[in-house]
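Here is the structure we will look at, set down as structure tokens.
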Amino acid sequence: MLYAERLWVPLWWWVAGAALAVLLAAEVHMGAPGVRAWLPYVVLLPLVAWALVAFSRLRVQVVATEPGSDSGSDSTESSSAGIELRVGKAHLPLDVASKAAVVPATAKSAALGRQLDPLAFVQHRTWVKQMVIVVLDDPDDPTPYWLISTKRPEDLLAVLSAHGVEAR
């Protein structure tokens, strides 16, 4: 593992989610006895916790793959060792990546809006301010670039550039 991060939701989302769940459960309860007194709390609080954990599921990793291992990518070069960028379940061998750059928070809106190529691979998290763009140089892949959210873009860019990807 050369680089790893998990994009957790902010702490205040947990506080807001718990407050919202308690408020909704109290609305259902409204002083009624029996099942309506406890069931909304038992259902809504774990439901909110599950949703926030699910939102925090995305991992960004750069890993060294073993020779002959099945890395899950569509690459036919599984017989040689290589370095991969993994974002969630997607895998990108770094030998097909040509350039990478940090997309600052001020340019994020444009990168996700009017400048976004419809064929691009995008993993965006609203609560993460910066992104990294990785431009591909693979004639067999119609995807022009990957655009991914990361809380440590400089660290990710340093790892990518250390393994042959031109950093800008």
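Quick rundown of the values:
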quantity: Accessible surface of GLU84 - all protein chains present, 1.4 Å probe, nearest 10 Å²; calculated: 10
quantity: Relative contact order computed over region 102-168 (Cα-Cα under 8 Å; 6+ residues apart), in percent; calculated: 32
quantity: Largest-first ordering by accessible area, 1.4 Å probe, given options PHE121, PHE55; calculated: PHE55, PHE121
quantity: Axial C-alpha extent at least 18 Å, average Kyte-Doolittle at least 0.5 - helices from the chain (DSSP); calculated: 11-29, 35-55
quantity: Förster radius 22 Å - calculated FRET efficiency between LEU47 and HIS124, Cβ distance, rounded to 0.05; calculated: 0.35
quantity: Surface accessible to a 1.4 Å probe, per residue, for the residues of the chain, Å²; calculated: 58
quantity: For the chain, average projected area of the Cα convex hull in nm²; calculated: 12.5
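The values are calculated or read from the model by the stated rules, or taken from the named source; none is laboratory data. Quick caveat, the model's predicted, so the values are computed rather than measured. When we count neighbours, we look across all protein chains shown, and the Cβ atoms used for this are built from the backbone with ideal geometry, even at glycine. The area values use the complete protein model at the heavy-atom level, side chains included, leaving out ligands, DNA and RNA. Shrake-Rupley method; radii C 1.70, N 1.55, O 1.52, S 1.80 Å.
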